[in-house]
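What follows draws every value from the coordinates through simple rules; no lab data is involved. A quick note: this is a predicted structure, and the numbers were derived from the prediction, not measured. In this analysis, Cβ positions are derived from the backbone assuming ideal geometry, glycine residues included, and neighbour counts consider all displayed protein chains.
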Amino acid sequence: MGNTLGLAPMGTLLRRSPRREEPLPNPGSFDELHRLCKDVFPAQMEGVKLVVNKVLSSHFQVAHTVHMSALGLPGYHLHAAYAGDWQLSPTEVFPTVVGDMDSSGSLNAQVLLLLAERLRAKAVFQTQQAKFLTWQFDGEYRGDDYTATLTLGNPDLIGESVIMVAHFLQSLTQRLVLGGELVYHRRPGEEGAILTLAGKYSAVHWVATLNVGSGGAHASYYHRANEQVQVGVEFEANTRLQDTTFSFGYHLTLPQANMVFRGLVDSNWCVGAVLEKKMPPLPVTLALGAFLNHWRNRFHCGFSITVG
Amino acid sequence: PLFDAYCNPPGSHTDNVGDWLRDGYRFATDRNDFRRNLILNLGLFAAGVWLARNLSDIDLMAPQPGV
């Protein structure tokens, strides 16, 4: 009589669907959750800047920056970067040592190490002339479908003060990542903690991310409209400062013209844009930027040349 | 109380609507109000997301119409 009840044959009941057998991807770092949207927005430019990049070897490169500005102190920066032999991906090489020093002796330095296949460590130092402003140590473990990070900020055993930050991200599906952040700070006579929950949904052409906690909320939406146009929308709310901000940014790419254009509009009545143009066959990139705050009647513009 | 009852008779619908409108106008125009700014920026965020999702048909290298 055959299978009159319409049930599937016994063997297929025990087999999982092919989609569920795909391993879940690693969600990446907590700090990179809003990266796609942030990269759409133009960076503030003011004054005239000349950057000369020089690759000294396959591991070592330096950059000289001269910046003349009416707002800040003009100065010279020396940037040096060393990258080791262990390359996990085109953008991740270990160990990596990066340093930036200006003409007053202030230093920004980072050291990234790969302690084991899944264990990474990072140290960040920031000084203002001879005084240490920031010393921070990170440990990150990347599992198959999760990432756990512990950060110690400005630990001071003598002063009994520390800032500890713990991050955890878990991939629930191929597209959905959920996680959280716990910030604990302590100093003599005071201590406190803030919990923030985070979620990220990645589709083929767009990514939506949300962080919500007692300190406020941060939502971002990134959309890749086509090969030329990318759009980013951001919303931030800070309950402590009682302030909210909305930003809309767009990124236009024209490879045929060697041109990249970024623009932004935000709720603080700021309008800004940066145009970057490469000048082949010369290894030169020209950038022009202008930002206008209609509410405060402030305008500043910048111009930079990058060689190498 | 008698004067109030004469000028604002109980159940005066027009005054309540006027108070609502007045309060609504003050709320909408108070730039220092956190809740007002929150609602406004959330609305702008939603509008920005709608705009972003409808920009897929832009081609910057397409020839201009009529050329």
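Taking K and R as +1 and D and E as -1, what net charge do the other residues with C-beta under 14 Å from the C-beta of A:Val111 add up to? Don't skip to the end; give the middle numbers.
Working: positive: A:Arg120, A:Lys122; negative: A:Asp100, A:Asp138, A:Glu140.
So the environment of A:Val111 carries a net charge of -1.
Quote the convex hull volume per residue of the protein assembly as shown, based on C-alpha atoms, as a whole number of Å³.
Details: hull volume 135.6 nm³, N = 375.
Enclosed volume per residue, from the Cα hull, is 362 Å³.
Counting 0.36 nm for each residue step from A:Arg187 to A:Tyr201 and taking away their Cα separation leaves a gain of 1.3 nm. Between the C-alpha center of region A:242-286 and that of region A:134-156 there is a gap of 32 Å. When chain A is treated as a Gaussian network with alpha carbon springs shorter than 10 Å, the biggest mean-square fluctuation among A:Gly99, A:Gly215, A:Gly28 belongs to A:Gly215. Report summary: the helix-based calculation at 222 nm, which adds -39500 (n - 2.57) for every DSSP H run with n ≥ 4 and divides by the residues of the protein assembly as shown, gives -4000 deg cm²/dmol. Per the Debye calculation on region A:105-183 with a single equal scatterer at every Cα and no solvent contribution, log₁₀ I(q)/I(0) for q = 0.16 Å⁻¹ amounts to -0.72. Restricting the calculation to alpha carbons of region A:45-132 gives Rg and Dmax of 15.3, 47 angstrom. The length gained on full extension between A:Ser58 and A:Ala257, counted as 0.36 nm times the residue separation minus their Cα-Cα distance, comes to 68.7 nm. Less than 20 Å from a label point 7 Å out along the Cα-to-Cβ axis of A:Phe303: which backbone N atoms in region A:252-272 qualify, by residue? Counting backbone N atoms under 20 Å from the label point, the list is A:259-262, A:272. By the compact-protein rule of thumb, 2.2 N^0.38 Å, the alpha-carbon radius of gyration of region A:134-180 corresponds to a ratio of 1.48.
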